[in-house]
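What follows is a set of notes on a single structure, which appears directly below.
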Amino acid sequence: MTPRSKLPDVGTTVFAVVSRRAAETGAINLGQGFPDYPIDARLAELVHQAMRAGHNQYAPMPGLPALLEQIAAKLQRVYGVQADPVREITVTLGATEAIYSAIQALAGAGDEVIVFDPAYDSYDPGVRLAGARCVHVPLLPPAFRPDWERVSAALSPRTRLVITNSPHNPACSCLSAADLDTLAELLRGRECTVLADEVYEHMVFDGAHHASVLAHPELRSRSVAVYSFGKTLHATGLRVGYAVAPAALTDELRKVHQFNTFTITTFVQQAIADYLREHPACGADLPAFFQVKRDRLASLLEPGGWRVLRSAGSYFQLVDYSALSARPDVELANQLIEEAGVASIPLSVFYRDPPPMQLLRLCFAKRDETLVEGARRLTAWAARQRTMA
Ligand code: GLN
């Protein structure tokens, strides 16, 4: 029997597909976002220690108190925000679970959810599984900034949720404090929550600061903000994230979380708590660490004819290939795996109605050797295109 699909148009995520093809072909993988350098050995030691010390049974459903307290201390230090570790913070299975559980908790049949395209690929299916409908507002190249008039026009009495993403994956743009003011103004008087995907909070460049909904008093009271230790600790396999929201929203989120994942791996939570206690400034070095990598990749690619759209945030970089090929981005990404031996992510797949553009997303959270070899291959491929033209 063929089951009736609830998501008939959804295939395997582009990230998994590209990583599989990169592994099969031996291509340098600048597609899916994950570091290829080792994690801090101390974190590995603490995971080992925590398991040996017996932190191996269910953690409390909202998260291990030791970790919740460390998260509260971080929010105070980074954003000057007070969050009650008992009532306002929930540890989740990566940011993906936090996003999914929040959507299920807050949107239902007949509701509308505003997302900004290019939208991270888990948002729309999550909204549809909740029985709600996504309203897509495009961010347009090259700046990928929200057009607040379009957002205003997209709001309706049925809008229950607006999903923001800053620093934005895959567009690499950031919302400013003024953007958050405008959003707050648009939502005033509406029964609408903001789900703020802020997993790249520490990867903001050129001296800018991340504008968090948590630091915006008006948005703070109507937002669920989502974060990821996988990003901050360079270990995407940890699968530990968290959601911060006022108690009433947190109560709703936890009603779903408890039946979705129930609790998150106890010894990993304990180890992260221990690590944060030992490294209270964890994350503060990330802008400098990643900006060097961003600039390195850009300086290697630009002479080869790849036009780099300077990334304002995240660990991704968009490159415009229109001087090198007229092909659509999905085809070009495939062609580059085969011909250049480099995997990248096409941008158009994150749009409901893609605007005309020829952009690929590259991940620069990689060892220098990887960036150098990836850029060398892309430069050689570009040179071949020019000789053929
Ligand atoms: N967040 C990662 C990226 O954007 C992908 C995670 C995943 O594969 N689901 O590359």
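Any read-out appearing in this document is the output of simple, stated calculations on the displayed coordinates, not a laboratory observation. This structure is a prediction, so every number in the text was calculated from the model and none was measured. Note: ideal-geometry Cβ built from the backbone for every residue, glycine included; neighbour counts use all protein chains shown.
So if I check each of 360, 378, which one is within 16 Å of the ligand (Cβ to nearest atom) and either buried (at least 23 other Cβ atoms within 10 Å of the Cβ) or touching a residue at least 24 places away in the same chain (Cβ under 8 Å) (or both)? Let's see the steps before the verdict.
Working: 378 fails: within 16 Å of the ligand (Cβ to nearest atom).
Answer to the check: 360.
Whether any residue in the stretch 271-286 is charged (D, E, K, R) and either in contact with a Cys (Cβ under 7 Å, 6 or more places away or on another chain) or buried (at least 21 other Cβ atoms within 10 Å of the Cβ) (or both) is what I want to check. Before the answer, list the steps.
First, pick out the residues of the stretch 271-286 that are charged (D, E, K, R): 274, 277-278, 285.
Still in the list and also either in contact with a Cys (Cβ under 7 Å, 6 or more places away or on another chain) or buried (at least 21 other Cβ atoms within 10 Å of the Cβ) (or both): 274.
Yes.
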- Item | helices (runs of 4 or more DSSP H) contained in the stretch 1-120 and holding at least 1 residues more than 16 Å from the ligand (Cβ to nearest atom) and over 29 Å from residue 262 (Cβ atoms) | 14-25, 41-52, 65-79
- In the stretch 307-348, what residues are among the charged types (D, E, K, R) and crowded, with 21+ Cβ neighbours inside 10 Å? 329
- Keeping to the stretch 161-207, report how many residues are more than 16 Å from the ligand (Cβ to nearest atom) and out of contact with any strand residue (DSSP E or B) (no Cβ under 8 Å at 6 or more places or on another chain). 14
- Item | Filter result (part of a helix (DSSP H, G or I) and either closer than 17 Å to residue 204 by Cβ or of a type in the set (A, V, I, L, M) (or both)) within the stretch 161-188 | 177, 178, 179, 180, 183, 184, 186, 187
- Among residues of the stretch 121-160 being touching an Asp or Glu at 6+ places or on another chain (Cβ under 6 Å) and either in a helix (DSSP H, G or I) or among the hydrophobic types (A, V, I, L, M, F, W, C) (or both), the residue nearest to the ligand (Cβ to nearest atom) is 134
- Collect the residues in the stretch 189-218 that are outside any loop (DSSP other than H, G, I, E, B) and farther than 26 Å from residue 32 by Cα, keeping them in residue-number order. 193, 194, 213, 214, 215, 217, 218
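Going by the structure shown, is residue 45 farther than 26 Å from residue 120 by Cα, buried (at least 17 other Cβ atoms within 10 Å of the Cβ) and among the charged types (D, E, K, R)?
On the way: farther than 26 Å from residue 120 by Cα: yes; buried (at least 17 other Cβ atoms within 10 Å of the Cβ): no; among the charged types (D, E, K, R): yes.
No, not satisfied.
Of 237, 230, 241, which residue is surrounded by fewer than 19 Cβ atoms within 10 Å (Cβ to Cβ), within 16 Å of the ligand (Cβ to nearest atom) and either among the β-branched types (Val, Ile, Thr) or within 16 Å of the chain's Cα centre (by Cα) (or both)? Can you show your working first?
Numbers: 230 fails: surrounded by fewer than 19 Cβ atoms within 10 Å (Cβ to Cβ); 241 fails: surrounded by fewer than 19 Cβ atoms within 10 Å (Cβ to Cβ).
The unique qualifying residue is 237.
Which one of these is assigned to a strand (DSSP E or B), under 25 Å from residue 21 (Cα atoms) and free of Cβ contacts under 8 Å to residues at least 60 places away in the same chain: 319, 330? Reasoning before the result, please.
On the way: 330 fails: assigned to a strand (DSSP E or B).
When all the criteria are applied, what remains is 319.
Conditions tested, residue by residue: (1) of a type in the set (D, E, K, R); (2) farther than 18 Å from residue 186 by Cα; (3) crowded, with 23+ Cβ neighbours inside 10 Å; (4) within 17 Å of the chain's Cα centre (by Cα).
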residue	(1), (2), (3), (4)
93	no, yes, no, yes
110	no, yes, no, no
116	no, no, yes, yes
133	yes, yes, no, no
141	no, yes, no, no
152	no, no, no, no
156	no, no, no, no
- Query: Looking only at residues in the stretch 180-208 that are surrounded by fewer than 18 Cβ atoms within 10 Å (Cβ to Cβ) and of a type in the set (D, E, K, R), which one is nearest to residue 132 (Cα to Cα)?
  - Reply: 191
